[in-house]
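Right, one structure below, let's go through it.
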Amino acid sequence: MKTILQKISSFTLCIILVCSIVPVQTYASHEIPGLWQVQTDSSTTGIVKTLDYSYARNTYFSLRDIAMVLQNTSKSFSVSITKNAVSLTLDNSYTPVGTENTPWETTESPNLSLRRNEFTVNGQKVSYYTLMMPLPSGDYDCFMMAADFAMILDVDISVPTAGSLQINTQLPFHVSPAALEESGYFYGVNSVLVGNATTGELYYQYQSDASYPIASTSKLMTYLLVMDAVSAGKISLEQEAIVSDAVQALSASDDGVIPFEAGQQIPVQDLLFGALLPSSNECALCLAETVAGSEETFVQRMNQKALDLGLSQTFFYNCHGLPSYTEDSIPAKRQNRMSAEDMFRLVSYLLKVYPQITDITSLENATLQSLNLEVRNTNPLLHNLPEVTGLKTGTTNKAGACLVTSLTADDGIITHDLVVIVLGTEDSIERGRVSGLLARYALQAFHTGIETSESEAIPGNLPTHAEAAVDWILQTAKKY
């Protein structure tokens, strides 16, 4: 019975989620106010104010109204909302301000900005896009996606009829990627893959065998080659790399992240932090030149390493993932490419041979001592799931917004590395949402198993430990 309920709720969840895949801008836009009927499994009912952001059915729900509906349930919460900050406390009683569960006082459509406002849950920072609206009382309300607050509260949601929302407080949040795909949720995404890097098991794939631009997720291969050089004793993490004219020029360009000057000396370790956390292109270039003498030679090694690992749908033009132009009279604009399957193989290998990468990518921020500069991680999921350990974001116009996520899960014997790969979403908002949902699914699949229809089983017996798993992945890859 529970499985049936989960299937039903997963299908109806798609109705809520699919609306978020439409184009979303991050500037103020015309909103469409509405009302939904929301009911809990304890029969508590209330009307909830909604805002459809820019497009019909791209719906955000009043957090204050939801708090009132859930007030006397096991999922009650209190919330404090200011102009640009939300503080939510679970298992706490909500204090109403008097505007909850009432119709809109005006039919005039507000103009609000969809932003990553400051948001904490039980005092811990999380990362969600929300709309903040002043109320006639002088208080503020927060509007957020149903799936987002369902993940925060760990409740299952469904849409029994148009304009009504069912919140099942006794069932945990549940994701079915197959149902999402059927509803068209991934139509705005180039490729996704969810798998267990430790065993090689693939939980879900969508267009994962096709090669797409990968933007700054290219820096994962750059990290691999740098660490190969460190392991071989050719360079050291403490070694001072010298900033070249080319690195300074990239630093000064529109794609620069960290200001560098030619002749400056930066430790390799700081350059790795800079490349992986704020995604510094100039740090990646400086690393490439330090390891190989020139970027051209380094890129040759990147492509050779891809061949060695059996990455058949992969090609690199540079070390950082920016667009690369030829020197022709009519220059061709090229970008590093990889399939999600190849990325899974690369990440599986990387996490096995250099697991210390997550010592960097699991940090929300770090200080580059040589520059006296604090840098921030661009991965939003670090704030939302404690299991997340990395790995890398990437964005260009052609590649879209990409994110390779690693998570840890314990089976009671060993710790497994789960991987979620999302390539080519429309923007960072969708990148975070799609990746967040699939990260939840990765943990769900690991702990409770996956439906046969969702699984694309890997032929043969699966290895039972990390080293055997990676060896198996590499041998399988060479067959393609």
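The values are calculated or read from the model by the stated rules, or taken from the named source; none is laboratory data. Keep in mind it's a predicted model, so treat the numbers as computed, not measured. Note that each Cβ is placed from the backbone with ideal geometry, even for glycine, and that neighbours are counted across all protein chains shown. All accessible areas refer to the heavy atoms of the entire protein, side chains included, with ligands and DNA or RNA removed. Shrake-Rupley method; radii C 1.70, N 1.55, O 1.52, S 1.80 Å.
If PHE316 passes every condition in (1) open to solvent by less than 30 Å² (accessible area, probe 1.4 Å); (2) under 17 Å from LEU373 (Cα atoms) but one, which one does it miss?
Single failed check for PHE316: (2).
Considering every residue within segment 79-99, establish whether at least one is in contact (Cβ under 8 Å) with a residue 24 or more places away in the chain, closer than 20 Å to ASP52 by Cβ and not in a strand (DSSP E or B).
Yes: one or more hits.
Please enumerate the residues belonging to segment 183-192 that are farther than 23 Å from PHE316 by Cα and open to solvent by 10 Å² or more (accessible area, probe 1.4 Å).
SER183, TYR187, GLY188, listed by residue number.
Could you check segment 256-372 for strands (runs of 3 or more DSSP E) lying wholly inside it with 1 or more residues that are of a type in the set (D, E, K, R)?
The qualifying strands (runs of 3 or more DSSP E) are 337-339.
Checking the condition in contact with a strand residue (DSSP E or B) (Cβ under 6 Å, 6 or more places away or on another chain), surrounded by fewer than 20 Cβ atoms within 10 Å (Cβ to Cβ) and not small (Gly, Ala, Ser), which residue from GLU296, GLU240 passes?
Residue meeting the stated conditions: GLU240.
Quick check on LEU114: is it under 28 Å from SER435 (Cα atoms), crowded, with 22+ Cβ neighbours inside 10 Å and at pLDDT below 95?
Taking the combined requirement at face value, the residue satisfies it.
Out of everything in segment 125-180 that is part of a strand (DSSP E or B) and touching a His at 6+ places or on another chain (Cβ under 9 Å), what residue ends up being nearest to GLU364 (Cα to Cα)?
LYS125
Looking at ASP141, ASP156 in this structure, which one is of a type in the set (D, E, K, R) and over 17 Å from GLY34 (Cα atoms)?
It is ASP156.
Any residue at all in segment 221-231 that is surrounded by 18 or more Cβ atoms within 10 Å (Cβ to Cβ), polar (S, T, N, Q) and in contact with a His (Cβ under 6 Å, 6 or more places away or on another chain)?
No: zero hits.
Just a yes or no: is a residue in segment 340-347 among the aromatic types (Phe, Trp, Tyr), buried (at least 16 other Cβ atoms within 10 Å of the Cβ) and under 19 Å from ALA215 (Cβ atoms)? Working first, answer last.
First pass over segment 340-347, keeping only residues among the aromatic types (Phe, Trp, Tyr): 344.
Then drop every residue that is not buried (at least 16 other Cβ atoms within 10 Å of the Cβ), which leaves 344.
Adding the requirement that they be under 19 Å from ALA215 (Cβ atoms) leaves 344.
The answer is yes, given that some residue of segment 340-347 is among the aromatic types (Phe, Trp, Tyr), buried (at least 16 other Cβ atoms within 10 Å of the Cβ) and under 19 Å from ALA215 (Cβ atoms).
Kindly indicate the residue of segment 193-213 that is closer than 18 Å to GLY400 by Cα and out of contact with any helix residue (DSSP H, G or I) (no Cβ under 6 Å at 6 or more places or on another chain) and also least open to solvent (accessible area, probe 1.4 Å) among those meeting that condition.
PRO213
Scan (1) over 24 Å from the mean Cα position of the chain (by Cα); (2) open to solvent by 20 Å² or more (accessible area, probe 1.4 Å) for the single condition TYR129 breaks and write down its number.
(1)
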